[in-house]
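A.B. asks: Can you read through this structure? Questions will come right after.
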Amino acid sequence: MEGARIFFRIPIFGGLPVTETMVNSWILILGITLLCVFLTRHLKLKEITKRQAIAEWAVQAVNDLVTESMGKAHVKTYAPYIGALFAFSLFGSLSSLLGMKPITSDINTTLGWAIVTFVMIQYSKIKYHGIKQFFKGFTEPIFVMTPLNIISEFATPLSLGFRHFGNIAAGTVITSLLYSALAYLSSVILGGIQIPFMQIGLPAFLSIYFDLFTSALQAFIFCMLTMAYVSSAIDD
């Protein structure tokens, strides 16, 4: 297993690498943007098309999720971010079905999302409780807890990023090991002939779990934890 390939370097700041993850991310951004444009073109009030029905269902699903987790008052503020995060995470993991390296198997991707969530948490604390209460919160319940409170605050984005990355990367590793093992088993059965017939069937069933179920589950968990942390910062 190797990390994301470096396609080329931009000759600034000593050479900035443009990796496979970055390229795949921009491809996904373009694809999601085109999908949104396709679903929301020519919206009508009376004659609702199938495309419009799908778009309205998706928006309503995200709004309901945010309402249940954070309250109706925060839907307009946070629903766009949660919807974008879920779509990017889901399609970022499912891109492996198209032969692309999933962007969620790169720690830089998931940590990037976690850092954005971390900034939102700190912003929400300051916005709803004031800068004085924000700093005072690090000294509660007693002053000697300040170092631990600071560590726990920075542990939030780390746990978010590593949890998502670990689950997707683990699925990729297990699938790769299985393919190699089945290819070797085929070679042993056929007396050294390199025809990996054992790879037919079983990997497809495992792909349903690792590529479909796990991708959707991890996207959902990441969004739910994001809303839980931000909601806690608002209500704390």
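A.B. asks: Six or more apart or on different chains, Cβ atoms under 9 Å: show the pairs whose first residue is in the range 136-148 and in contact (Cβ under 8 Å) with a residue 40 or more places away in the chain and whose second is assigned to a helix (DSSP H, G or I).
C.D. replies: Listed by first residue and then by second, the contacts come to G137/K125; G137/H129; G137/N149.
A.B. asks: Does A228 qualify as being modelled with pLDDT of 80 or more, exposed (fewer than 15 other Cβ atoms within 10 Å of the Cβ) and in contact with a Ser or Thr (Cβ under 9 Å, 6 or more places away or on another chain)? Talk me through it step by step, then tell me what you get.
C.D. replies: Details: modelled with pLDDT of 80 or more: yes; exposed (fewer than 15 other Cβ atoms within 10 Å of the Cβ): yes; in contact with a Ser or Thr (Cβ under 9 Å, 6 or more places away or on another chain): yes.
Here the answer is yes, as A228 does meet what is asked.
A.B. asks: Go through (1) among the acidic types (D, E); (2) closer than 23 Å to H164 by Cα; (3) not in a helix (DSSP H, G or I) and name the single condition E47 misses.
C.D. replies: For E47, the exception is condition (2).
A.B. asks: Condition first: surrounded by 14 or more Cβ atoms within 10 Å (Cβ to Cβ) and closer than 26 Å to W26 by Cβ. Can you find one or more residues in the range 132-145 that meet it?
C.D. replies: Initially, the range 132-145 is screened for residues surrounded by 14 or more Cβ atoms within 10 Å (Cβ to Cβ), giving 134, 137-138.
Pick out the ones that are also closer than 26 Å to W26 by Cβ and you get none.
Checking the range 132-145: not a single residue is surrounded by 14 or more Cβ atoms within 10 Å (Cβ to Cβ) and closer than 26 Å to W26 by Cβ.
A.B. asks: Now for a separate question. Going by the conditions given, is A73 under 30 Å from L212 (Cβ atoms) and not hydroxyl-bearing (S, T, Y)? Steps first, please.
C.D. replies: On the way: under 30 Å from L212 (Cβ atoms): no; not hydroxyl-bearing (S, T, Y): yes.
For A73, the condition - under 30 Å from L212 (Cβ atoms) and not hydroxyl-bearing (S, T, Y) - is not met.
A.B. asks: While we're on this one: Somewhere in the range 60-70, is a residue of a type in the set (S, T, Y), modelled with pLDDT under 90, open to solvent by 70 Å² or more (accessible area, probe 1.4 Å) and in a helix (DSSP H, G or I)? Walk me through how you get there before you give the answer.
C.D. replies: Looking only at the range 60-70, we keep the residues that are of a type in the set (S, T, Y), and these are 67, 69.
Filter again for modelled with pLDDT under 90, leaving 69.
When the remaining residues are screened for being open to solvent by 70 Å² or more (accessible area, probe 1.4 Å), the result is none.
For the range 60-70, residues of a type in the set (S, T, Y), modelled with pLDDT under 90, open to solvent by 70 Å² or more (accessible area, probe 1.4 Å) and in a helix (DSSP H, G or I): absent.
A.B. asks: Taking the range 1-29 as the region of interest, how many residues are at pLDDT 85 or above and of a type in the set (G, A, S)?
C.D. replies: Counting residues in the range 1-29 that are at pLDDT 85 or above and of a type in the set (G, A, S) gives 1.
A.B. asks: Out of L34, L97, L30, L39, report the one residue that is surrounded by 18 or more Cβ atoms within 10 Å (Cβ to Cβ) and not in a loop (DSSP other than H, G, I, E, B). Full working, then the answer.
C.D. replies: Details: L34 fails: surrounded by 18 or more Cβ atoms within 10 Å (Cβ to Cβ); L97 fails: surrounded by 18 or more Cβ atoms within 10 Å (Cβ to Cβ); L30 fails: surrounded by 18 or more Cβ atoms within 10 Å (Cβ to Cβ).
That would be L39, the only listed residue that is surrounded by 18 or more Cβ atoms within 10 Å (Cβ to Cβ) and not in a loop (DSSP other than H, G, I, E, B).
A.B. asks: Next question. Go through the range 102-117 and give me each residue that's crowded, with 21+ Cβ neighbours inside 10 Å and either among the β-branched types (V, I, T) or free of Cβ contacts under 8 Å to residues at least 40 places away in the same chain (or both).
C.D. replies: Matches in the range 102-117: I103, T104, T109, T110, T117.
A.B. asks: Taking F13 as the residue in question, decide whether it is open to solvent by 80 Å² or more (accessible area, probe 1.4 Å), over 21 Å from the mean Cα position of the chain (by Cα) and closer than 26 Å to L94 by Cα. Step through it out loud before you land on a result.
C.D. replies: Numbers: open to solvent by 80 Å² or more (accessible area, probe 1.4 Å): yes; over 21 Å from the mean Cα position of the chain (by Cα): yes; closer than 26 Å to L94 by Cα: no.
For F13, the condition - open to solvent by 80 Å² or more (accessible area, probe 1.4 Å), over 21 Å from the mean Cα position of the chain (by Cα) and closer than 26 Å to L94 by Cα - is not met.
The values are calculated or read from the model by the stated rules, or taken from the named source; none is laboratory data. Just so we're clear, the structure is a prediction, and the values are computed from it rather than from any experiment. Neighbour counts are summed over all protein chains in view; Cβ atoms, including those assigned to glycine, are modelled from backbone coordinates with ideal geometry. Each accessible area value is taken on the protein alone, full model and side chains, heavy atoms only, with ligands, DNA and RNA left out. Shrake-Rupley method; radii C 1.70, N 1.55, O 1.52, S 1.80 Å.
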